[in-house]
Every structure is written in C-alpha cells, then in structure tokens.
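J.: The following block contains the structure, expressed as structure tokens.
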C-alpha cells in the first residue's frame, strides 16, 4: 500500500466523526474550499454545509454545523503523532498526523472535489 493510500485510508476512517455529526447516510461530495494554518498544523476546509445541508437541518429543527476540516494536530502538539487516534477528539473534523497532513497538503489544492462515504 502506498503512503498516500495509507494516509487516505486513515483519513477515511477518521471521517466517521464527520458522518456522525452531520447524520449522513449516503456518500456526499464536497470540495476543498480553503487552506489555512491558524489553529492546527495545516488544515483544508471542506465545503460543508451546502445549501441542501442547511435546508435539511432547518427542516429537522437543528443546526447544520460547519467549519469542518481535514487538519493536522493542534499547533505545537505534533509530537503526539499517531497517538491522537486513541480517542476521537475532534467535533466532526478529520484529524491526521502532521506528517500525513504534509502529504495531503502537497497533493490536494483548493477546489479539489472529495467524496466522504458512510
């Protein structure tokens, strides 16, 4: 298995938190809307919620959430590495190690279409 395949597999496993938070039951297509380095070691913002997500949430009487990202570890805590996977510490984001984030960062420019599957 290539390094990028392993990173994407890890990322897809971490996507379970996103799916649980958003109550998704089917594959959903988004895009990488922006990149930044503010609070985490590099992050890729996912274009969620969509207009459809907001309408579904309004109909259900709930907030759709938002600010969902694929990101590295909190700034200054990169030493934790893969131990961050011991428990789910994000609120719907997809967290990876800083090293994995470097590889994703190089491979995924703004506007890249991504699919998150349940």
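J.: Those residues that are under 19 Å from residue 30 (Cα atoms) and over 16 Å from the mean Cα position of the chain (by Cα), I need them from the stretch 42-89; list them, please.
T.: Of everything in the stretch 42-89, those that are under 19 Å from residue 30 (Cα atoms) and over 16 Å from the mean Cα position of the chain (by Cα) turn out to be 51, 52, 53, 54, 55, 56, 57, 63.
J.: Of the conditions (1) touching a strand residue (DSSP E or B) at 6+ places or on another chain (Cβ under 8 Å); (2) within 19 Å of residue 110 (Cβ to Cβ); (3) at pLDDT below 85, residue 45 clears all except one; give me its number.
T.: Every listed condition holds for residue 45 apart from (3).
J.: Of everything in the stretch 48-89, what is farther than 17 Å from residue 100 by Cβ, at pLDDT below 85 and in a loop (DSSP other than H, G, I, E, B)? Give them in sequence order.
T.: 48, 49, 50, 62, 63, 64, 65, 66, 67, 68, 87, listed by residue number.
J.: Another question about this same structure. With the condition kept exactly as written, say whether any residue in the stretch 22-41 is in a helix (DSSP H, G or I) and at pLDDT below 80.
T.: Looking through the stretch 22-41, at least one residue is in a helix (DSSP H, G or I) and at pLDDT below 80.
J.: For the stretch 102-118, give me the residue count where each residue is in contact with a strand residue (DSSP E or B) (Cβ under 7 Å, 6 or more places away or on another chain), at pLDDT 80 or above and not in a loop (DSSP other than H, G, I, E, B).
T.: Looking only at that region, the number is 2.
J.: Then there is this: Of everything in the stretch 90-101, what is under 12 Å from the mean Cα position of the chain (by Cα), in a loop (DSSP other than H, G, I, E, B) and surrounded by 13 or more Cβ atoms within 10 Å (Cβ to Cβ)? Give them in sequence order.
T.: Result: 90, 92, 93, 96.
The values are calculated or read from the model by the stated rules, or taken from the named source; none is laboratory data. The shown structure was predicted, so the numbers you read here are calculated from the model rather than taken from an experiment. Counting neighbours? That spans all protein chains shown, and the Cβs are built from the backbone with ideal geometry, glycine included.
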